[in-house]
Structures are given as C-alpha cells and as structure tokens.
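Each reported figure results from applying straightforward, stated rules to the coordinates on display, with no laboratory input. Since we're looking at a predicted model, the values are computed, not measured. Virtual Cβ from ideal backbone geometry, glycine too; neighbours counted across all protein chains shown.
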Amino acid sequence: MSDSLDELFKRVLSAKIFINRDLLRPDYIPDELPHRERQILRLAETLTPILKGSRPSNVFIYGMTGTGKTAVTKYVLNRLMIEGKKKGIPLNIAYINCRHDDTNYRVLADLCEAINAKVPFTGLSTSELFRRFLKTLDISDRAMFVVLDEVDSLVKKSGDRVLYDLTRINNQLIRAKVSIIGITNDLNFTDYLDPRVRSSLGEEELVFPPYTAVELEDILRQRTEKAFVNGVISPEVIKLCAALAAKEHGDARRALDLLRVAGELAEREGSDKVLEIHVRNAQKELEKDRVVEVIRTMPFHSKLLIISLYLLEKEGKRGCTTGELYEVYSKISKSYGLEPLTQRRISDLINELDMLGIINAKVVSKGRYGRTKVVNLIVPSSNLKEAMKEDSMVYSFFEK
C-alpha cells in the first residue's frame, strides 16, 4: 500500500495541469464578472445611497442556480466596503446562507455574531436574540447590509417571522440602518410570504437571466487563463463545458465545476492535457453528486416517498402504480406518528421527483380500465444510501 501511495503522490504532484484550481470554485469572486455589467450597475445604483448616509431600498434578487446572483452581490458589496472606508463610512455586511442556517434562531445568531454581540448557540428565545441584535447594532451607529442567500429555504422551513422583523427594524433603530438583500432560485418564492413582508422585502427587484453558451465560454476562458497551465485546455474543451452547462439553464457554476473536475481527472491520470473524455467523465461524476445533494436536502415526506418506492422495488415490485406507492407511504408515515399527505399532494411530489430525474413516472393505458401512472426509481440504491445517511430517521431502512 505504501508503494502505491508513493506512486500516486508522485503522479499527482508531477502533473502540470493547475496553477490555482481554487479560481474555479463557486465561492471565488473574480475582479471582473463578464456579462453581468447591467446587473452590477443596477444593484450598485440601488445600494450606493448608503455612501450619502441614506438607507438603501431592500433588494430581492431572482434567478436560476449559477446565474451570478451571489457573485454579483458580493462583488458590489466589496466595492461599497472599499469606497466606504475611503470616505470614513463604516459598513457591516452579514452574509447568511439560509440553506445551511435555515432556522430563525440561527439567522439571528449569525447576525449577532456579525456585529460581535455575544449570544449562546441555543437557549434564548428568538425575540430576545432580536432584541440583543437591535441594541448592539444601534450602539455601533453603523449601516448594515443583511444578505439572505437561498432565503426560500429559511421561509419554507421556519416561516417568515425573522423577515417580518428585519423588514421593520429601521422603525426601531435610532442611529443605525439596515438594508436587506434576499436571493432565491425559486421564482415563485414570494407566494410563501405574508403580503406585508412581500411588499417590504421587494422594494427593488432584480432578475438574473441564464447565461448563453457563448457567454459561458467567455467566463470559462477568463478563468482558464489564471487557473490552468498554458496550453493544457483546448478551445474545444471550453466549448464542450459551456455547451453542457448551457443545457442546464445556463449554469456558470456547473460549467466551472465541469472544467475543474475534468482537470482533476486528467491530473489523476498523469495526463498533460485536459481532453474531451475527461469532461464527459466529469459530467458523470457531478451528476452523481448532484442527485445525492438534492435528495439530502429534501423535505421529510419527499424522503419517505422515495423510501417507499425503494422498498417496493426491493421486494421485486418494479414499476408500481401511484396507488400502491401511496399505500406503502401511508403506512410508513403512520409508523412515525405522522399524518400522511393527501393523494393529490403526493401526486405533485411524484411530478417534482420526476422532473428532478430521481424517479420516472409515465402514464400507461390499462385498456377498458382506464389509465394509470407507473413509477420507477432511476437513482442507484448506493446513491440513495449516501444521500440518506445523515438522516437517522430514514437511514434505518437501508440497514434492514
């Protein structure tokens, strides 16, 4: 084993593929953001009044995954911070990813941490947390930007109470000012909000369109110049990565991930160039990872539905009807002491899982008995097991 590892280390370390692979990661913010000039200017116009001592309007940003929403927001806020320092205007920025911190308590705790207000990890009421945040912020006499990325995850899990409080916080502040920037991939997200929150949060709205294949090529070409050794990446490889990502709603994050993973696969092989075959293999790797992540973050009843289908197929029932699936799902739900969702809602969930590529649901004719929907699981059980392992309530089904 030692000799094998030595050989592996030698092969990887001698490979001349990357200069800096971190430039291809989604959290890297470049000095320029191609094809987002209009969105940068629009957001900057909305937020710049802070440099004149005025509170900017709250902004709500919509767009599909990988359209540059987070990158543009961080880019503009970084520039505002620099300009604020030049003018002696202190600014606070709190960036919160609501997919990770998806409870009202965690969001308020993060806001307190951003202004150095000491709070315990748990134990306080959310109203007390909010009071401490309010008091400490007002004493600091600063303007603050609160960025709530993937804010739909917070509202769907914990409701919009914290948004209600934040959108009205300026009425209670004397010296400080707060401006909120909400970011979401869900174009129908505002349907979940109280009308009062909706009107306050969406004072200004900004929509990010998907990137085209040509625009993605420009983005990849820009990153390639600094991330890879010269001559390692051919124009054909860049074009392929851009084309594959353009099919998935113009996702720049997907394009960058494809290029990075393709480079890593080439590096492991000891290749001196990244080839199209490396991109194709990278696509397979990322597809597997995407499915695992999607299932891992699903609501509990969606997981129970997938488990129900898994158990049916484990028993040899390949291609079950929605009625058979609902029967098993109901039994499992009741075993947890939960009230099963209605058949109509389960039908909606089946359609959602079908669109995500986790199951295949097709309507088949039964002749004079009418038509019915037949459902099949198309995700390997190994991927399901990987996705469910952090949820002890459902993982036990894979141990039976």
### Query
How big is the range 159-242 in terms of Cα radius of gyration and Dmax, in angstroms?
20.8, 59
### Query
Counting Lys +1, Arg +1, Asp -1, Glu -1, what net charge surrounds residue 75 among other residues with beta carbon under 12 Å of its beta carbon?
+1
### Query
If one puts a single equal scatterer on every Cα of the range 298-399 and applies the Debye formula without solvent, what log₁₀ I(q)/I(0) results at q = 0.14, 0.16, 0.17 Å⁻¹?
-0.51, -0.66, -0.75
### Vicinal HN-Hα couplings computed from phi for the range 289-303 (Karplus, 6.51 cos²θ - 1.76 cosθ + 1.60; Hz; Gly/Pro x)
5, 5, 4, 4, 5, 4, 5, 4, 9, 6, x, 4, 5, 5, 5
### Neighbour-limited loop hits for GluC sites (Glu not before Pro), the range 264-329 (at most 12 other Cβ within 10 Å; DSSP other than H, G, I, E, B)
315
### Task
Please tell me which of these pairs span more than 20 angstrom C-alpha to C-alpha: 86/226; 52/118; 87/118; 52/177?
86/226; 52/118; 87/118
### Task
Quick one: what are the phi-derived ³J(HN,Hα) couplings along the range 162-175, Karplus 6.51/-1.76/1.60 with θ = phi - 60°, whole Hz, x for glycine and proline?
5, 5, 4, 5, 5, 6, 10, 5, 5, 5, 9, 8, 9, 9
### Task
Would you mind listing how long the chain runs along its three principal axes, going by Cα atoms, in whole Å with the largest first?
71, 58, 48
### Task
Output the antiparallel fraction of DSSP beta bridges having both residues in the chain, as a percent to the nearest 5.
30
### Query
How long are the semi-axes of the ellipsoid equivalent to the range 312-358, from square roots of 5 times the Cα gyration tensor eigenvalues, in whole Å, largest first?
18, 16, 9
### Task
Take a quick pass over the range 298-399 and tell me how many lysine pairs come in under 20 angstrom between Cα atoms, counting only ones 8 or more apart or on separate chains.
17
### Query
When N is the residue count of the range 113-264, what does its C-alpha Rg come to as a fraction of 2.2 N^0.38 Å?
1.43
### Query
Applying the Karplus parametrisation 6.51 cos²θ - 1.76 cosθ + 1.60 with θ = phi - 60° to the phi angles of the range 342-353, what ³J(HN,Hα) value in whole Hz is obtained for each residue in order, glycine and proline being reported as x?
5, 4, 5, 5, 5, 4, 5, 5, 4, 5, 5, 5
### Query
Can you give the charge dipole size of the range 279-400 about its Cα centre, rounded to the nearest 20 debye, using +1 on the beta carbon of Lys and Arg and -1 on the beta carbon of Asp and Glu?
520
### Task
Determine how many Å³ per residue the convex hull of the Cα atoms of the range 37-208 encloses.
104
#### Entry: For residue 319, distant residues with modelled amide H under 5 Å away
377
### Task
Please report the orientation-averaged projected area of the range 19-88, defined via the convex hull of its C-alpha atoms, in nm².
5.8
#### Entry: Summed residue charge, Cβ within 12 Å of residue 273's Cβ, Lys/Arg positive, Asp/Glu negative
-4
### Task
Determine the calculated [θ] at 222 nm for the chain from helices alone, applying -39500 (n - 2.57) to every DSSP H run no shorter than 4 residues and normalising by the residue count; nearest 500 deg cm²/dmol.
-16500 deg cm²/dmol
### Task
Compute the signed sum of charges (Lys and Arg +1, Asp and Glu -1) over the other residues within less than 10 Å, Cβ to Cβ, of residue 296.
-2
